[in-house]
Amino acid sequence: MSHELRTPLNAILGFNEMLLGEVYGAVPKDMQEPLTDIQTSGKHLLRLINNVLDLAKIEAGRMELALGDYSVHDTVGSVHATLRLLAADKGLEFVASVPDDIPLACGDAGRITQCLMNLAGNSLKFTKEGRVEIAVAQRNGTLTYRVSDTGIGIPPEKIGNLFTEFKQTDATIASEYGGTGLGLSISKKFVEMHGGRIWVESEVGKGSAFIFEIPLRVNS
Amino acid sequence: MKTILYVEDNEMNRKIVRAMLKNTQYQLVEAFDGEAGVAKALEVKPDLILMDVQLPKMSGIDATRKLRAEAATAQTPILVITSFALSGDEQKALEAGATGYLAKPYSPMDLLGRIRKLLPET
């Protein structure tokens, strides 16, 4: 199923990227914007498909973690490196802080990366000025990942719904900020598969912090 | 002129790579399934092989393993294009002897960059 859905979209994105890259010849100025819009929308659709497929797999009980040793430093570092430019474009301070003495962790590094990308991506999206921070702490065999921002914040009555599929706090937010509405529910499932929990602390107008705790070493 | 063999059953993906290489110095040879890919590689002895994972008749992983066992292709750079990220194919590809892998969906420009790194154009 996943292959059938993604293959044609991959081709659409590939051909369009080559059009934009002028592989087929010069692109007239007034066509650059619509081609860029195709690329942006196509990538959005791809993310949506990926998320829907992940969620379907989780719900069918077919998602398994690929557990292994991983470096918390490297994991956070790769998320920071991937999103750094996005933060710079918006003029936001973007910091990652991981204590030097964190031992080797065991878990599914790919899925933890996905959770951090979702959370930090959200923070960058909903923050117009100020800073976004990824911070990690370790205590008594528990790892705490905390992604905090100085963004728009979330009203208390909306927090309960946040981790439910397709529940961005309102439709206008979705149209202004984009997003699939699935990132948080997928992140929650991945955290729970690691035997952990995820929650949010937020104040409207001041910012939000998304925090998840998982065992430093998940037993297979 | 350096030759690249692309083993891929999907015509759209072959078209993308064809277009991507059109304005380069590389010469492209194609095969449509794993068995044909192995045969073609032994016949033309390409300078680099792009190998899709999901192929009819023989998977790209098995084809890679087979090519590694042949003296003529034991050292040829093989870039495996894995089905989709996080499926575990990356590890399998490396274990089979692939030089590297690229996960779909990939950007054609990134793929060209990887090719140029492994096999300088001139």
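The values are calculated or read from the model by the stated rules, or taken from the named source; none is laboratory data. Quantities reported herein were computed from a predicted structural model and do not represent experimental measurements. Note that we place each Cβ from the backbone using ideal geometry, even for glycine, and neighbour counts take in every protein chain shown. To get the accessible areas, we keep the full protein, side chains included, count just its heavy atoms, and leave off ligands, DNA and RNA. Shrake-Rupley method; radii C 1.70, N 1.55, O 1.52, S 1.80 Å.
Of all the listed residues (A:5, A:9), the sole one being within 12 Å of another protein chain (Cβ to nearest Cβ), open to solvent by 30 Å² or more (accessible area, probe 1.4 Å) and touching a residue at least 12 places away in the same chain (Cβ under 8 Å) is A:5.
Among the residues of this structure, residue B:29 does not count as one that is outside any loop (DSSP other than H, G, I, E, B) and open to solvent by less than 10 Å² (accessible area, probe 1.4 Å).
Against the numbered list (1) modelled with pLDDT of 85 or more; (2) surrounded by fewer than 18 Cβ atoms within 10 Å (Cβ to Cβ); (3) under 19 Å from the mean Cα position of the chain (by Cα), residue A:101 comes up short only at (3). Within the stretch A:153-189, being assigned to a loop (DSSP other than H, G, I, E, B), of a type outside the set (A, V, I, L, M, F, W, C) and either modelled with pLDDT of 85 or more or open to solvent by 40 Å² or more (accessible area, probe 1.4 Å) (or both) holds for A:153, A:155, A:160, A:161, A:164, A:165, A:167, A:168, A:170. Just for the stretch B:104-122: of the residues that are in a loop (DSSP other than H, G, I, E, B) and touching a residue at least 60 places away in the same chain (Cβ under 8 Å), which one is least open to solvent (accessible area, probe 1.4 Å)? Only one residue tops the list, namely B:119. Residues of the stretch A:59-79 that are modelled with pLDDT under 85 and open to solvent by less than 40 Å² (accessible area, probe 1.4 Å): A:63 alone. Apart from one condition, residue A:88 fits all of (1) more than 14 Å from chain B (Cβ to nearest Cβ); (2) open to solvent by 80 Å² or more (accessible area, probe 1.4 Å); (3) of a type outside the set (Lys, Arg); the exception is (2).
Taking the numbered list (1) more than 14 Å from every other protein chain (Cβ to nearest Cβ); (2) at pLDDT 95 or above; (3) open to solvent by less than 10 Å² (accessible area, probe 1.4 Å) in turn, residue B:6 passes all entries but (1).
Mind checking which residues of the stretch B:82-108 are modelled with pLDDT of 90 or more and within 12 Å of another protein chain (Cβ to nearest Cβ)? Correct list: B:108 only. Here residue B:38 clears all of (1) part of a helix (DSSP H, G or I); (2) open to solvent by 10 Å² or more (accessible area, probe 1.4 Å); (3) out of contact with any helix residue (DSSP H, G or I) (no Cβ under 6 Å at 6 or more places or on another chain) except the condition numbered (3). With respect to the conditions (1) without any contact (Cβ under 8 Å) to a residue 24 or more places away in the chain; (2) among the polar types (S, T, N, Q); (3) within 14 Å of chain B (Cβ to nearest Cβ); (4) open to solvent by 70 Å² or more (accessible area, probe 1.4 Å), residue A:82 lacks only one, and its number is (1).
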